[in-house]
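Written out below as structure tokens is the structure these notes cover.
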Amino acid sequence: TWTMVNIVEEQVERIRAEVGDARVISALSGGVDSAVSTALVQRAIGDQLTAVFVDHGLLREGEAEQVKQDYVAATGVDLKVVDAREQFLGHLAGVTDPETKRKIIGREFIRVFEAAEREVLATPGPPVKFLVQGTLYPDVVESGGGAGTSNIKSHHNVGGLPEDLEFSLIEPLRTLFKDEVREVGRQLGIPEAIVARHPFPGPGLAIRIIGAVDEERLAILRAADAIVRQETTAAGLDGEIWQFPVVLLADVRSVGVQGDGRTYGHPVVLRPVSSEDAMTADWTRLPYDVLERISTRITNEVAEVNRVVLDVTSKPPGTIEWE
Ligand code: XMP
């Protein structure tokens, strides 16, 4: 729309004036906000920007590729990919406590990002003076004092960064709401698969595996989650669902029967929620035929899963995520 074109032009001018010849660093998380803020800065200053994508191995099926390939192709951003999958899984091995998982992921993210930062700083060129942040208007308001419920879980935002104050922040989305950010993203040609993405927690699939996280469990959850996304998208439900966590109860087994044999597999929980701002939420009344397709496909296609259950708890008392 016209307004979004204006916002892009205005921000591009402002960023150019502020940055001058300096270099800028940005962290891509795979989410909408960092994707759009980074693309906006790249539109303004091109290769003076280096974007860093820390691949922690906890994204959903296809998401890392969307960043590494489609996003780069669409925006032309200079992207540095750090494959830190082994490092993250190594530190998460055997860890079951939700807050400990978050702390480990937050800490490793900062370590890996700072190492990438040092590499960028070591390459010849003008000084690196700025860091891009995908802060939105609601984030600004929230951190302005509302007590909220954010101390219930340590919402470490993996898109968020070390408080390394050698850098000034560039926050081109500070005045915008989420739908406006999506519009700006479309104006900038970012693929719809990224722009339309539902909110996704920084610690990723690690907090949707109830139990310890390992490669095998991640593969099971990714397969189930991909089926859920295919079916909800095919049914045209993405707009009315705020977020749809799929949760693997990795330490629970139940008996089932399939073909001519007894199975002893894991349950998967469907947690579709409707919400305005994630502070409160209601469970989404999905059509039974969609639930049926999801259940049939998951139990047929994901060998380790023999039961699909639906979470019908609102928030409060439940949170959206299970951890
Ligand atoms: P809860 O589970 O507290 O989640 O109802 C509210 C919203 O926050 C997201 N969430 C997180 N986001 N780091 C994040 O960046 C986290 O550790 C985290 N925990 C929850 C959740 O997906 C939902 O959108």
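Structure above, values below:
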read-out: Tally, over the range 197-232, of residues that are without any contact (Cβ under 8 Å) to a residue 60 or more places away in the chain and of a type in the set (A, V, I, L, M, F, W, C); value: 3
read-out: Residue that is of a type in the set (Gly, Ala, Ser) and under 24 Å from Val19 (Cα atoms), where the choices are Gly57, Gly62, Gly76; value: Gly76
read-out: Single unsatisfied condition, Tyr137 versus (1) surrounded by 13 or more Cβ atoms within 10 Å (Cβ to Cβ); (2) under 30 Å from Glu215 (Cβ atoms); (3) at pLDDT below 95; value: (2)
read-out: Failed condition for Ala250, given (1) under 22 Å from Leu58 (Cβ atoms); (2) within 16 Å of the ligand (Cβ to nearest atom); value: (2)
read-out: Yes/no for Ala206 being closer than 25 Å to Thr280 by Cβ, within 16 Å of the chain's Cα centre (by Cα) and among the small types (Gly, Ala, Ser); value: yes
read-out: For Val36: the one exception among (1) part of a helix (DSSP H, G or I); (2) farther than 30 Å from Leu205 by Cβ; value: (2)
read-out: Residue that is nearest to the chain's Cα centre (by Cα), among those in the range 15-56 that are surrounded by fewer than 20 Cβ atoms within 10 Å (Cβ to Cβ) and touching a residue at least 60 places away in the same chain (Cβ under 8 Å); value: Arg23
read-out: Some residue of the range 180-195 being within 15 Å of the ligand (Cβ to nearest atom), among the charged types (D, E, K, R) and over 22 Å from Glu10 (Cα atoms); value: no
read-out: Failed item in (1) under 24 Å from the mean Cα position of the chain (by Cα); (2) hydrophobic (A, V, I, L, M, F, W, C); (3) more than 22 Å from Ala226 (Cβ to Cβ), with Val257 passing the rest; value: (1)
read-out: Checking Val24 against (1) in contact with a Pro (Cβ under 7 Å, 6 or more places away or on another chain); (2) under 24 Å from Pro191 (Cβ atoms), the condition it does not meet; value: (1)
read-out: Residues of the range 301-323 satisfying the condition of being surrounded by 14 or more Cβ atoms within 10 Å (Cβ to Cβ), among the hydrophobic types (A, V, I, L, M, F, W, C) and within 16 Å of the ligand (Cβ to nearest atom); value: Ile320, Trp322
read-out: Qualifying residue in the range 106-117 (condition: at pLDDT below 95, assigned to a helix (DSSP H, G or I) and closer than 18 Å to Gln48 by Cα); value: yes
read-out: All positions within the range 91-131 that are aromatic (Phe, Trp, Tyr) and farther than 19 Å from Ser168 by Cα; value: Phe109
read-out: Gly259, sole failed condition from (1) in contact (Cβ under 8 Å) with a residue 40 or more places away in the chain; (2) at positive phi; value: (1)
read-out: Among the residues listed as Ile241, Ile209, the single one being within 15 Å of the ligand (Cβ to nearest atom), farther than 30 Å from His91 by Cα and at pLDDT 95 or above; value: Ile241
read-out: Residues of the range 279-300 satisfying the condition of being surrounded by 17 or more Cβ atoms within 10 Å (Cβ to Cβ) and not in a helix (DSSP H, G or I); value: Ala281, Trp283, Thr284, Leu286
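The values are calculated or read from the model by the stated rules, or taken from the named source; none is laboratory data. Model, not experiment: these values are computed from the prediction. Note that each Cβ is placed from the backbone with ideal geometry, even for glycine, and that neighbours are counted across all protein chains shown.
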